[in-house]
Amino acid sequence: MDFALTEEQSAILDMAKDFGAEHIAPFARDWESTGTLPRDLWPMLASLGFGALYVPDEMGGTGLSRLEGTLVFEGLSMACPAVAAFLSIHNMCAGMIAKFGSDAARARWLPGAADMSRIFSYCLTEPGSGSDAAALRTRAERDGSGWRLNGTKAFISGGGYSDAYVVMARTGGDGPKGISAFVVEAGTPGLSFGKLEDKMGWRAQPTAQVQFDDCHIPTENLLGEEGRGFTYAMAGLDGGRLNISACALGGAQSAFDKTLAYMSERKAFGQSLDQFQALQFRLAEQEVRLQSARLFLRQAAWKLDSGAKDATKACAMAKLLVTDNAFDVANQCLQLHGGYGYLADYGIEKLVRDLRVHQILEGTNEIMRVIISRALLAERR
């Protein structure tokens with residue numbers, strides 16, 4: 001078994017790291033202060049092929065594997081997890097359109113997704129249905145010339161910022177089989193947005209409620225088949241969990257790298273901090289957490305790419321382990337900085353704030369435990 005990245009995969013990781021270091025990291029604090037992301041960032045990312053990572057070549061995308069995609073998000077997150085995570089959401093939407101959309105839908109939506117002239121957001125979560133996504137209440141009803149949507153989506157990254165929204169809405173009865181997927185363009189009458197959320201982390205990312213009030217969309221904006229939306233959503237979650245884990249891993253690695261540099265320079269009691277054995281042990285523990293998380297993540301990505309029967313369980317386990325480890329590492333890095341870690345100038349407190357939400361997104365880590373335990377029990381039957 002070969003655990004090494006190929007030359008091409010290493011180049012992908014390096015390209016993402018280098019881009020982030022030059023075009024994201026120097027501005028991340030300013031973007032956090034303004035609470036939004038500059039539009040001119042996206043064409044630069046698209047020029048690297050990062051706008052349609054999972055869209056096949058023949059459809060105008062980059063056609064990366066899930067493993068290769070995690071390298072992109074890990075590398076970019078070393079500069080800013082909030083930016084990388086926003087890009088991952090856009091790519092999840094583009095991937096869903098490529099996989100489940102009709103030829104007409106692909107021709108209509110994918111070119112703009114690939115060159116990032118059209119930014120996509122994903123609308124699943126609602127005020128009353130977070131972990132229980134199948135209980136969503138947003139409704140889409142036929143009105144002769146298309147569909148009319150009514151309902152509210154919560155915690156939507158890019159709400160009021162993005163150009164189009166992949167929306168899960170109920171077209172049938174209760175339960176997952178009554179849900180369909182739609183694409184709603186910005187500017188559609190009846191589409192509106194709440195105020196920007198005042199968040200703990202991911203502050204560079206505009207986040208808001210998305211409201212549909214008799215929002216009329218044409219028939220062709222149904223994505224895939226009616227009643228299959230929840231299946232599409234769940235199919236996207238395995239990859240989404242890998243991406244959000246990769247973003248957490250990259251942020252934690254950045255915190256660790258900053259801490260190593262700080263401890264080699266900061267002196268106390270006549271020597272640099274990295275010469276105290278007790279602190280060396282702390283560093284060793286964080287390195288083990290990072291490396292074990294990285295190996296677990298890449299194995300889960302390999303399983304998803306190869307169609308392993310336990311891929312969903314592996315993705316849930318990776319999400320649980322990687323995001324927990326990543327937050328713990330960042331938090332320990334703050335502690336090792338002492339009082340300076342609490343100051344914005346050192347960049348550690350931002351990473352702690354940003355990484356906390358990764359234990360909640362794409363299914364909370366409690367839900368990951370549910371998925372894992374159910375899979376374990378099913379294997380014994």
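Taking all C-alpha pairs of the range 121-229, those more than 15 Å from each other amount to 59 percent. The gain in end-to-end length when the E141 to K199 segment is fully stretched comes to 17.5 nm, 0.36 nm per residue minus the alpha carbon separation. Relative to the dominant Cα principal axis of the chain, helix 277-306 is inclined by about 30°. Please compute the net charge surrounding L48, taking Lys and Arg as +1 and Asp and Glu as -1 over other residues with Cβ under 13 Å from its Cβ. Value of the local net charge: -4.
Taking Cα atoms only, the orientation of helix 81-100 departs from the longest principal axis of the chain by about 40 degrees.
Put simply, the convex hull of the Cα atoms in the range 1-125 casts, on average, a shadow of 8.8 nm². Extension gain, Q291 to S33, is 89.7 nm, computed as 0.36 nm per intervening residue step minus the present C-alpha separation.
How much length is gained if the chain between A107 and R266 is pulled fully straight, taking 0.36 nm per residue apart and subtracting their Cα-Cα distance, in nm to one decimal?
Extending this stretch completely gives an extra 51.6 nm.
Here the peptides 226-234, 296-304, 249-257 are ranked by packing, the mean other Cβ count within 10 Å, and the order with the highest first is 249-257, 296-304, 226-234. Electrostatic tally near A84: other residues with Cβ closer than 12 Å to its Cβ, Lys and Arg +1, Asp and Glu -1, net -1.
Label separation (K309 vs D14): 4.1 nm, computed from points 7 Å beyond Cα along the C-beta direction. Remark: spin-label model distance R369-E22 equals 4.5 nm, labels positioned 7 Å along the Cα→Cβ axis. Short-range pairs are left out: with C-alpha atoms under 8 Å and at least six residues apart, the relative contact order of the chain is 16 percent. With a simple spin-label model that places each label point 7 Å from the Cα along the Cα-to-Cβ direction, the separation between D40 and T231 comes to 4.6 nm.
Taking a virtual spin label 7 Å from the Cα of E220 along the C-beta vector, which residues in the range 139-160 bring their backbone nitrogen under 15 Å of it? Answer for the range 139-160: 145-147.
For the cross-link pairs K99/K313; K258/K319; K17/K153, the ones whose C-alpha atoms lie over 28 Å apart are K17/K153.
Rounded to whole numbers, the Karplus 3J(HN,Hα) couplings from phi for the range 256-266 are 5, 4, 4, 5, 4, 5, 4, 6, 7, 9, 6 Hz, using 6.51 cos²θ - 1.76 cosθ + 1.60 with θ = phi - 60°, and x at Gly and Pro. Sorting 22-29, 38-45 by average packing, meaning the other beta carbons within 10 Å per residue, from highest down gives 22-29, 38-45.
Once the Cα atoms are used to define both axes, helix 66-77 deviates from the longest principal axis of the chain by about 60 degrees.
Computed from the coordinates by the stated procedures, all read-outs in this text should not be read as laboratory data. Since this is a predicted model, take the numbers as computed values, not measurements. Don't worry about glycine lacking a Cβ; one is built from the backbone with ideal geometry, like all the others, and counts go over all protein chains shown.
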